[in-house]
1. Placing one identical point scatterer on every Cα of the protein assembly as shown and ignoring solvent, what is log10 I(q)/I(0) from the Debye formula at q = 0.06, 0.08, 0.10 Å⁻¹?
2. Could you derive backbone 3J(HN,Hα) for segment B:228-242 from the dihedral phi with the Karplus parameters 6.51, -1.76 and 1.60 (θ = phi - 60°), listing whole Hz in sequence and x where the residue is Gly or Pro?
3. Among residues other than A:P130 whose Cβ falls under 15 Å from its Cβ, what is the net charge (Lys/Arg +1, Asp/Glu -1)?
4. Give me the three principal axis extents of chain A from the C-alpha atoms, as integers in angstrom, largest value leading.
5. Highest mean first, how do A:211-221, A:121-131 rank when packing is the count of other Cβ atoms within 10 Å averaged over residues?
6. Inside 10 Å of the C-beta atoms of B:110-118, what's the mean count of C-beta atoms belonging to other chains?
7. With the Cα gyration tensor of segment B:182-240 giving a ≥ b ≥ c as the square roots of its eigenvalues, does the rule (a/c under 1.5 for rounded; else a/b larger than b/c for prolate; else oblate) give rounded, prolate or oblate?
8. Pick from A:L227, A:L238, A:L14 the residue whose mean-square fluctuation is largest in a GNM of chain A, springs joining Cα atoms under 10 Å.
Amino acid sequence: MPVRPVRGALGARLRHIWPPALVLIAVAVAWEVITTALSVSSTVLPGPALVLEATWKDRANLWPAMWATSKEAVLGVLVAAALAAVLALAIDWSRTIRRSVYPLMVTSQTLPIIVLAPLVVIWFGFGTAPKIGLVALFTFFPIAVGMVQGLASADPDAMALLRTMGATRRQLLLRVRIPSAVAQTFTGLKVAVTYAYVSAIFAEYVGAEQGLGVYMQASKNAFRTELVFGAILVTTLLTLALFAIVALLERLAMPWRRPGQSEVDW
Amino acid sequence: MSARRAGALAACAADAHAGTPAMPRTPGARLEVRALRKSYSSGDGARLVALEDVSLHAAAGEFVALIGPSGCGKSTLFHILAGLADPDAGEVLIDDAVLGRRLGACAFMPQRDGLLPWRRTIDNVTVGLSLAGTGRQQAHARARPLLERFGLGGFERAWPWQLSVGMRHRAAFLRTVLLGRPAMLLDEPFGALDGITRAELQQWLLGVWEQVGSTVMLITHDVAEAVYLADRVYVLSPRPGRVAAEIRIDLPRPRPPELLGSQQFASQEAILREALRTHAGLGSGFRAPAPPRAPAGR
């Protein structure tokens, strides 16, 4: 049996969670006190209590919006990851492809994807597909870079050793390069998922029938500022949840890692 | 040393003397290089000659050590033998035949253990078998009975980071043995180890090799290690590397650890040291005698 060191995982986690939680609570309290004391209009700046209450009351409208945006965000990241994997493997496999495609890939990141959004709506309409496409565009780059760098980070000594055993190029890819790339792929994925909801909401702003972006705009137009804040809060929580899922997958994908090894504890 | 490890090593040693046939016997092949020359460009346009007209051989089943100063091209020679590099001139022969494709012909053990972090012990030691297309179950079945003898009993499913340095080296050596090649190239396998672990592994290596029976070429910086392990020692000169001397080690086999403290051993060691001093220009700066020894005398 592998030695699985017993550690106070939950305890350690709580220790990490306490300090930011306290700061957050302090900010919320200050916010509530200020809005009440200065009797700020709720249209301008609603207090946290009002935000929570109003958002909870409006949950029937919020659920479908959350669901629609989540679908776009998650599918967008999956599409981006699939494309990134294909491209990263091609770049890793062929020097010609690396030379011709990699610079373009980096350059493509300088494109203001924001200006593409209206075009995407013109081309593909108001449905879910163009949103997924935009999320994929936004999240593709960090995943692809992580994969390319991860593949390139394979230990040359390990490669040489397997070559002396008669390994083919394909075997080297499968047994050394791809396992070497897992860690950095997940680093890229973690960066990518923090963009996922934001980019989905942005895509919805440009034109959509359903989603958190639509919900925020409708709330704003109705001067329900507290619901705009509520949607922001929900977006944050959903992004954190997606991040946590990726972090969990990372852990499952690399059972060989020494506990605590280059892991940002969240 | 943990009790389990001590037990495993004791079992290993006992088996070595009983000569149980579980160890995969791999008849050795004659390994020879003729007039090998290799140079590298040093960056500023000049050529750096690593090996100059190197000819040497290891007879079938022989244990040959290569000793020489750092940068004398020993590792280059091994890279050529293993197929990772091509010589500028000269040839490599196995059983008197020139090899077209050397990759995969010899079993190479690099200085670093080279264990893959994402493979458990059992999968690391069988990596060569799996590359050759042996099924996972079958490969495991072949390796499993040997784990105990290599002091890895109970660590079959451990990840590399869970193994001690000595265990990692034994795993790397088991991986090399399981390749089943007629010749093994060991590039300073014990160089990075502490003295106690090294002495233990040297003795254990001899036991295993005597059973496996393949040809071994060993690179070492350690005079006592060369004398203790090898049948013959080639002394290489500083760059460009050439064969400066060839010393036959006149010690009987099997070689028990008590031999290390004997007069016979000391005189062989003195001969090799003298050869290094006169031929390779190495009076000092060489590693002192292997640290822990069996008590002197008998």
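1. -0.47, -0.71, -0.92
2. Going residue by residue, I get 5, 8, 8, 7, 9, 10, 9, 9, 9, 8, x, 3, x, x, 9 Hz, with x marking Gly and Pro.
3. Values: positive: A:K71, A:K131; negative: A:E72, A:E204, A:E209.
It works out to a net charge of -1.
4. Over chain A, Cα extents along the principal axes are 76, 53, 28 Å.
5. Ranked from most to least packed, the peptides come out as A:211-221, A:121-131.
6. The per-residue average across the peptide is 6.
7. Verdict is oblate for segment B:182-240.
8. Largest GNM mean-square fluctuation: A:L14.
Bear in mind these aren't lab numbers, they're just calculated from the coordinates by the rules spelled out. In this text, all values refer to a predicted model and were calculated from it rather than measured experimentally. As a convention, Cβ positions derive from the backbone with ideal geometry for all residues, glycine included, and neighbour counts pool all protein chains shown.
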